[in-house]
1. I need every pair where a residue in region 9-31 that is at positive phi has its Cβ under 8 Å from the Cβ of a residue that is outside any loop (DSSP other than H, G, I, E, B) and surrounded by fewer than 16 Cβ atoms within 10 Å (Cβ to Cβ), sequence separation at least 6 or different chains.
2. Looking only at region 51-60, decide whether some residue is in contact (Cβ under 8 Å) with a residue 40 or more places away in the chain, over 23 Å from residue 195 (Cβ atoms), part of a loop (DSSP other than H, G, I, E, B) and within 14 Å of the chain's Cα centre (by Cα).
3. Being assigned to a strand (DSSP E or B) and out of contact with any strand residue (DSSP E or B) (no Cβ under 6 Å at 6 or more places or on another chain) is the filter here, so list the residues in region 1-30 that pass it.
4. Every residue in region 68-100 that is over 18 Å from residue 33 (Cα atoms) and part of a helix (DSSP H, G or I), please.
5. Considering each of 41, 28 in turn, give the residue that is over 26 Å from residue 131 (Cα atoms), surrounded by 13 or more Cβ atoms within 10 Å (Cβ to Cβ) and touching a helix residue (DSSP H, G or I) at 6+ places or on another chain (Cβ under 6 Å).
């Protein structure tokens, strides 16, 4: 559970960031995807979302946008939102603040967004404060499906969604090669379960 749904103490390490956005009187979720766009997975994700008439937020890696600009345009054309996930998917805790911020700004040359999610969900306090000073809205998560974990079965990924989702949950999947097998099973199952449970899909 420490990974799938981070405890309150961990969330307090990142002040003024968003992990859970409940809406009074409704059951809402925010569906997000990290690490794309790539031709092997992202177009399929878009097909699934279109089938259920759902809009999501994609936290994109800049180098993937550079290599696959046509897929990035598909995200925008279909009405999805996009967020910054750095240009090279670098980990903040392993990177100096100046380099981390510079890499994030390099990404902004390819996209215009005020949304940011740190790769691996980690960054230094000074990195966080500098990005907030630059006007970024930091979107963390309430449920990590762990679809990237090849040791987890696809059914376990689906069960993570069922077990941890609540009103306002920000749910993280990954449109990446590493996640593809689990994603192709768990994403449609999760969407159908969320709809059955009465959840509305929201954007930031």
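1. Short answer, once both residue conditions are applied: 16/132.
2. Looking through region 51-60, none of the residues is in contact (Cβ under 8 Å) with a residue 40 or more places away in the chain, over 23 Å from residue 195 (Cβ atoms), part of a loop (DSSP other than H, G, I, E, B) and within 14 Å of the chain's Cα centre (by Cα).
3. The one that is assigned to a strand (DSSP E or B) and out of contact with any strand residue (DSSP E or B) (no Cβ under 6 Å at 6 or more places or on another chain): 20.
4. Correct list: 92, 93, 94, 97, 98, 99, 100.
5. 41
Every read-out reported here was derived from the displayed coordinates using simple, explicitly stated rules and does not represent laboratory data. Just so you know, these numbers come straight off a predicted model, no measurement behind them. Please note: Cβ atoms are built from the backbone with ideal geometry, for glycine as well, and neighbour counts cover all protein chains shown.
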